[in-house]
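**Student:** Sharing a structure below in structure tokens format, with a few things to ask.
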Amino acid sequence: MVRIQLLTIVVNILFLVYIFRLIIKGKLREEYAIVWLICTFFIMIFSFWRRGLDVIAHFLGVFEAPNLVFTGAIFAIFIYLLHLSVVASNLQNNIRKLSQEIAHLKLAIENREIENIQ
Amino acid sequence: MMQEKVLLIIPCYNEEAALPALLSEVAKTAFPDSYKVDVIVVNDCSTDNTVAVAKQMNVLVLDLPMNLGIGGAVQSGIQYAFNNQYDYAIQLDGDGQHPPAEVVTLLNAQKKYNFDVVIGSRFVGNGDGFQSSFIRRLGIRYFHWLNRIFTGNQIFDSTSGFRLLNKNAIALAANNYPDEYPEPESLVLFAKAGLKVKEVSVQMRERQGGTSSIGKSASVYYSLKVSLGMFFTFIRH
């Protein structure tokens, strides 16, 4: 095995361990971990199967194999960013509903206290 | 006599300077006897003493724990109107631009024509109380045009927040209201739901304190965001 291959595999394993730790500690929800697990899976495949990238690039008609990596990675990043925007929008909606609910409850409690005094 | 319940919704962000004068003006305003008028101040997480000032004035206070923007604040007030079976909800801006006396104008227009939404407008009839800047007028013309395309309504002052909603509109807006720059967007929403929207001429004043929520640099963003909002509201409903 070549040095770079070993390096990628080791880094990949460390990355995988880190993701697992985050999930176990409850800092990363499983649905967001999926995409990272898939990433490590692909990196793992190509660190073992060195010729794989060339084979796939040739199959798809891409002349320079690294271009395939960049194209694929950038596309995946865009999709994931879009997904995160959706998540943020959802959170914002939920926060709005919660804030409004809290404001209504605070007012209701105050009104009840005033009634009790009277 | 059966009184109709009216809720004046005053959304506030750092309005401690203007609020006391506005609230005492509301208290002095003579509303027709056929209406029972309550006031609710919605504090959109101000960093000043807006809440304390409002509580001293003996009005209802909705205190939001997070800053939601004008739309989220107004919607909270509308939800209160919905939960407590108010007949009308009227938005009155906390900076004192909307004279409380003109609330009667909106109520009378509603009574006369039975609209679902009545907008107090600076540009219909001889509204000469308030002149705005050139850029702002340009924007208002653009939104008039956009509104005509999306709703078929002739609304000249679509950015006016001085509005009356009846029970139908309250029920709709309590569940569905844009949080940022809600005025033009909500007009599409109302029109799509088949509500009758009409504007009447009112006199407006210069703001009595605080600063506009839209600065000069933000006006491009404002137009873009609102255009998108109107477009998607049009598609969605």
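The values are calculated or read from the model by the stated rules, or taken from the named source; none is laboratory data. This structure is a prediction, so every number in the text was calculated from the model and none was measured. In this analysis, Cβ positions are derived from the backbone assuming ideal geometry, glycine residues included, and neighbour counts consider all displayed protein chains. Heavy atoms of the whole protein, side chains included, go into the accessibility calculation; ligands, DNA and RNA do not. Shrake-Rupley method; radii C 1.70, N 1.55, O 1.52, S 1.80 Å.
**Student:** Could you tell me whether residue B:44 is surrounded by fewer than 24 Cβ atoms within 10 Å (Cβ to Cβ) and within 28 Å of residue A:101 (Cβ to Cβ)? First the steps, then the outcome.
**Tutor:** Values: surrounded by fewer than 24 Cβ atoms within 10 Å (Cβ to Cβ): no; within 28 Å of residue A:101 (Cβ to Cβ): yes.
When the stated conditions are applied, residue B:44 does not pass them.
**Student:** Is at least one residue of region A:34-43 in contact with a Ser or Thr (Cβ under 8 Å, 6 or more places away or on another chain) and within 19 Å of residue A:69 (Cβ to Cβ)?
**Tutor:** yes
**Student:** Looking at A:35, A:62, A:11, which is the one that is part of a helix (DSSP H, G or I), more than 14 Å from every other protein chain (Cβ to nearest Cβ), out of contact with any Gly (no Cβ under 9 Å at 6 or more places or on another chain) and open to solvent by less than 80 Å² (accessible area, probe 1.4 Å)? Before you say what the answer is, go through the steps one by one.
**Tutor:** Details: A:62 fails: part of a helix (DSSP H, G or I); A:11 fails: open to solvent by less than 80 Å² (accessible area, probe 1.4 Å).
When all the criteria are applied, what remains is A:35.
**Student:** Here is a follow-up. Would you confirm whether or not region B:4-17 contains a residue that is more than 14 Å from chain A (Cβ to nearest Cβ), surrounded by fewer than 21 Cβ atoms within 10 Å (Cβ to Cβ) and at positive phi?
**Tutor:** Scanning region B:4-17, I find at least one residue that is more than 14 Å from chain A (Cβ to nearest Cβ), surrounded by fewer than 21 Cβ atoms within 10 Å (Cβ to Cβ) and at positive phi, so the answer is yes.
**Student:** Just to check your reading of the model, which residue among A:116, A:94, A:90 is farther than 27 Å from residue A:36 by Cα, open to solvent by 50 Å² or more (accessible area, probe 1.4 Å) and among the polar types (S, T, N, Q)? Steps first, answer last, please.
**Tutor:** Working: A:94 fails: farther than 27 Å from residue A:36 by Cα; A:90 fails: farther than 27 Å from residue A:36 by Cα.
Answer to the check: A:116.
**Student:** Report, by residue number, each residue of region B:39-80 that is over 19 Å from residue A:109 (Cβ atoms), within 12 Å of another protein chain (Cβ to nearest Cβ) and in a helix (DSSP H, G or I).
**Tutor:** B:69, B:71, B:72, B:73, B:74, B:75, B:78, listed by residue number.
**Student:** A further question follows. Given the conditions (1) more than 16 Å from the chain's Cα centre (by Cα); (2) open to solvent by less than 20 Å² (accessible area, probe 1.4 Å); (3) modelled with pLDDT of 95 or more, which single one is not true for residue B:50?
**Tutor:** (3)
Per-residue answers, yes or no, for (1) in contact with a Phe, Trp or Tyr (Cβ under 6 Å, 6 or more places away or on another chain); (2) assigned to a helix (DSSP H, G or I); (3) open to solvent by 70 Å² or more (accessible area, probe 1.4 Å):
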residue	(1), (2), (3)
A:15	no, yes, yes
A:19	yes, yes, no
A:22	no, yes, no
A:58	no, yes, yes
A:73	no, yes, no
A:81	no, yes, yes
A:100	no, yes, no
A:109	no, yes, yes
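**Student:** Pairs only if they're at least six apart or on different chains, beta carbon under 6 angstrom, first in region B:13-42 and under 18 Å from residue B:99 (Cβ atoms), second of a type in the set (Phe, Trp, Tyr); list them, first residue then second.
**Tutor:** Taking only residues 6 or more apart or on different chains, the pairs are B:37/B:31.
**Student:** Determine which single condition residue B:19 fails, assuming it passes every other condition in (1) under 15 Å from the mean Cα position of the chain (by Cα); (2) more than 21 Å from residue B:84 (Cα to Cα).
**Tutor:** (1)
**Student:** Right, something else. Please state which one of B:156, B:134, B:82 is in contact with a helix residue (DSSP H, G or I) (Cβ under 6 Å, 6 or more places away or on another chain) and modelled with pLDDT under 95. Let's see the steps before the verdict.
**Tutor:** Numbers: B:134 fails: in contact with a helix residue (DSSP H, G or I) (Cβ under 6 Å, 6 or more places away or on another chain); B:82 fails: modelled with pLDDT under 95.
Within the list B:156, B:134, B:82, the selection yields B:156.
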